[in-house]
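S.K.: Quick one: the structure is below, and I'll ask about it shortly.
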Amino acid sequence: MRKFDTPYIADWFAISLRWIVLIGLVISLGLGQALTLRTFTPLAFMIVWNLVMTSLTSMNMRLVNHRPLNVMVDFLGTGVFFLLQDGLAGPAWWAGIYTILTATIYYEIWGASLAALLHIALFFVFYSVSREVGLPMTLGASFIFVLMGFLFGYLGREVISRMRHLREVWLDAEEKKHRVQTERLRAIYELTSALAATLSYKRVLDSAIDMAFTALAPDPTEAARDRLVGAVLLFKGGELQTESARRFTNSDLRVTFQGGEGILKRVFDEGEPVLSHDVGYDPELGRVVALRACTVVYCFPLRSGFNVYGAMVFAHPDANYFTPDRRDLLDIISRQAVIAIQNARLYQDLVEEKERMLEVHEEARKKLARDLHDGPTQSVAAMAMRINLVRRMLQKDAKGAGEELLRLEELALRTTKEIRHMLFTLRPLILESQGLKAALQAMADKMRETFSQEVVIELDERVVSQMEMGKQGVIFYIVEEAVNNARKHASSPTIWVRLKSVEADIALLEIVDRGLGFDVEAINSSYDQRGSLGMVNLRERAELVNGLLNIKSALGQGTTVQVYIPFSEEAADRLHNGLVVM
């Protein structure tokens, strides 16, 4: 017994014809009042046999030598039935058609002819043994069976030929479907490989849309004739721009979208794919010339969590083009594209972060060079000049030389303090050992000692206790940057540093002076032309603690640097969504 992948139509056809003939035999016996236990026994055997064949066929199984075995069993069953119901004298003398039909289906014309001859031989055996019917009736029945053998054989050949053709067509369709599925799986695999192999935005988007076209129309001959239109739209500067497209005109590539109307608005509001048949009347997509010939559009968002990167748009003139299978395939491609876009964006962020770090390091070197030039370098140069002066004075005015040596000593001590202050700000060890409050107080003391700058520290201990050491380090450098800026530019006798709680899980850091002040808007508008990165450093360090920087200042009214610091994700959401009163 063997099992097959697909059912044999011939088996089902033979089983169906057998059931029809068996019903006809029972009816004939009933009408002839010959339905007895003796005549029904072979019929019961044939019914059981056909039930067994039906069960096997339903499971796509066949016996060894399935076809000859079926013909042989059918001939034996009909032969026994023929003899038990009085042969040609019985009401169902035509039972041999049962075997002829089976042989016709399995062996066509020569099988039907052979089955007819076997039953004719059975007719003559019955004639020679019983003599219940005459020779003319035997010859007449034989002639009828010869005709049925040739007629059913011819018809069977045509039917079987047609069935084989239909089966070949079905197998070709299944093979084509399998080939399409294989090509689509290959396209998805190639898409995944291509997207994983590049971190370039342009290549990622081109690969995604190319693979979508390949997957939707795997057959190259069909793909050439297909009128599918597709594009990838990404947010840039608050509007959607076409980053990659197929069959868009040059003018279409320059069209921008706001995503605030029609299909695009539904896609971004619902966060789900949208299938629409009104693309020609859409207020935004309707402006694309390539989409005006299309009757259906399938648009889906490129998003991950709360991050929305844009949308993919596919359209086709055939209203029934986007079947559930095709839509599922596009959904898979969109998810792969989002992952690749995330990877490309992360890579781009890393590149930008690397460049920013280089800029920060360069700015730190420049700042250190400026501080050394403005402080210790000038002092050391002054000391060298005064030493030379003292050397000359020793020969003429010993008392004046002694006074100059005292001034030289004071200058050396002040220079030493400046260098120690610079070292302290580069790495405040007290911050690691005693915490933020001690570090800021030490910084204030050094500012007073080195630059005679008064700095008042006011910290809420409960707020400081909620900060981990890494966040305290960021806060220290924000304060150090802001205080130094105020000392150099504000000319304020006192600078206040305050840290307090303003809302649940949100703290406020303030650096306040009563100095000269400045026009914040004017400074921000021309900041890229300035040599200093002080405000940039403040903003970037505030972002390190997920905080928000706010600078308030006006000419002659001093400056207030505010940094709002969240301690939880919920607080960060409220802060960055503008739900905190500033």
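The values are calculated or read from the model by the stated rules, or taken from the named source; none is laboratory data. Owing to the predicted nature of the structure, the values given are computational and were not obtained by experimental measurement. With ideal geometry, Cβ positions are generated from the backbone for all residues, glycine too; neighbour counts draw on all protein chains shown.
S.K.: So, LEU240, is that one surrounded by fewer than 18 Cβ atoms within 10 Å (Cβ to Cβ) and in a strand (DSSP E or B) or not? Steps first, please.
M.R.: On the way: surrounded by fewer than 18 Cβ atoms within 10 Å (Cβ to Cβ): no; in a strand (DSSP E or B): yes.
For LEU240, the condition - surrounded by fewer than 18 Cβ atoms within 10 Å (Cβ to Cβ) and in a strand (DSSP E or B) - is not met.
S.K.: Let me ask you something else. Under 6 Å by Cβ, and 6 or more places apart or on different chains, what pairs join a residue from the range 447-474 that is over 16 Å from ALA490 (Cβ atoms) with one that is of a type in the set (S, T, N, Q) and assigned to a strand (DSSP E or B)?
M.R.: Listed by first residue and then by second, the contacts come to VAL463/SER501.
S.K.: Could you list all residues from the range 28-67 that are part of a helix (DSSP H, G or I), free of Cβ contacts under 8 Å to residues at least 24 places away in the same chain, of a type outside the set (Phe, Trp, Tyr) and more than 19 Å from SER16 (Cβ to Cβ)?
M.R.: Of everything in the range 28-67, those that are part of a helix (DSSP H, G or I), free of Cβ contacts under 8 Å to residues at least 24 places away in the same chain, of a type outside the set (Phe, Trp, Tyr) and more than 19 Å from SER16 (Cβ to Cβ) turn out to be GLY30, LEU37, ALA44.
S.K.: Looking for whichever is modelled with pLDDT of 85 or more and either under 24 Å from GLU158 (Cα atoms) or surrounded by fewer than 18 Cβ atoms within 10 Å (Cβ to Cβ) (or both) here; the options are ALA89, ALA116. Which one fits? I'd like the intermediate steps shown before the answer.
M.R.: Values: ALA89 fails: modelled with pLDDT of 85 or more.
Being modelled with pLDDT of 85 or more and either under 24 Å from GLU158 (Cα atoms) or surrounded by fewer than 18 Cβ atoms within 10 Å (Cβ to Cβ) (or both) holds for just one of ALA89, ALA116, which is ALA116.
S.K.: I would also like to ask the following. Can we say LEU499 is crowded, with 18+ Cβ neighbours inside 10 Å and touching a helix residue (DSSP H, G or I) at 6+ places or on another chain (Cβ under 9 Å)? Please lay out each step first, then the result.
M.R.: Values: crowded, with 18+ Cβ neighbours inside 10 Å: yes; touching a helix residue (DSSP H, G or I) at 6+ places or on another chain (Cβ under 9 Å): yes.
Yes, satisfied.
Here is a yes/no grid of residues against (1) at pLDDT 90 or above; (2) over 42 Å from the mean Cα position of the chain (by Cα); (3) surrounded by fewer than 15 Cβ atoms within 10 Å (Cβ to Cβ):
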site: LEU509; (1), (2), (3): yes, no, no
site: ASN524; (1), (2), (3): no, no, yes
site: ASN546; (1), (2), (3): no, no, no
site: LEU549; (1), (2), (3): yes, no, no
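S.K.: Shifting gears a bit: Let me confirm something: among LEU101, LEU166, which residue is within 18 Å of LEU17 (Cβ to Cβ), within 60 Å of the chain's Cα centre (by Cα), assigned by TED's automatic domain parsing to the domain that holds LEU25 and crowded, with 20+ Cβ neighbours inside 10 Å? Please lay out each step first, then the result.
M.R.: Working: LEU166 fails: crowded, with 20+ Cβ neighbours inside 10 Å.
Unique residue meeting the criteria: LEU101.
S.K.: Listed residues LEU216, LEU191; which is modelled with pLDDT under 75, within 45 Å of the chain's Cα centre (by Cα), within 20 Å of ALA245 (Cα to Cα) and not assigned by TED's automatic domain parsing to the domain that holds ILE333? Walk me through how you get there before you give the answer.
M.R.: On the way: LEU216 fails: not assigned by TED's automatic domain parsing to the domain that holds ILE333.
Of LEU216, LEU191, the one residue that is modelled with pLDDT under 75, within 45 Å of the chain's Cα centre (by Cα), within 20 Å of ALA245 (Cα to Cα) and not assigned by TED's automatic domain parsing to the domain that holds ILE333 is LEU191.
S.K.: While we're on this one: Within the range 248-260, track down each residue that is part of a loop (DSSP other than H, G, I, E, B), within 25 Å of the chain's Cα centre (by Cα) and within 15 Å of PHE235 (Cα to Cα).
M.R.: Within the range 248-260, the subset part of a loop (DSSP other than H, G, I, E, B) is 248-249, 254-255, 258-260.
From the residues that got through so far, the ones that are within 25 Å of the chain's Cα centre (by Cα) too are 248, 258-260.
Across the range 248-260, the qualifying residues are GLN258, GLY259, GLY260.
S.K.: Which of the following residues is aliphatic (A, V, I, L, M) and surrounded by 15 or more Cβ atoms within 10 Å (Cβ to Cβ): MET59, MET137, MET72? Walk me through how you get there before you give the answer.
M.R.: Numbers: MET59 fails: surrounded by 15 or more Cβ atoms within 10 Å (Cβ to Cβ); MET72 fails: surrounded by 15 or more Cβ atoms within 10 Å (Cβ to Cβ).
Being aliphatic (A, V, I, L, M) and surrounded by 15 or more Cβ atoms within 10 Å (Cβ to Cβ) holds for just one of MET59, MET137, MET72, which is MET137.
S.K.: Restricted to the range 308-350, and to residues that are farther than 24 Å from VAL288 by Cα and of a type in the set (Gly, Ala, Ser), which residue is surrounded by the most Cβ atoms within 10 Å (Cβ to Cβ)?
M.R.: Within the range 308-350, the match that is surrounded by the most Cβ atoms within 10 Å (Cβ to Cβ) is ALA340.
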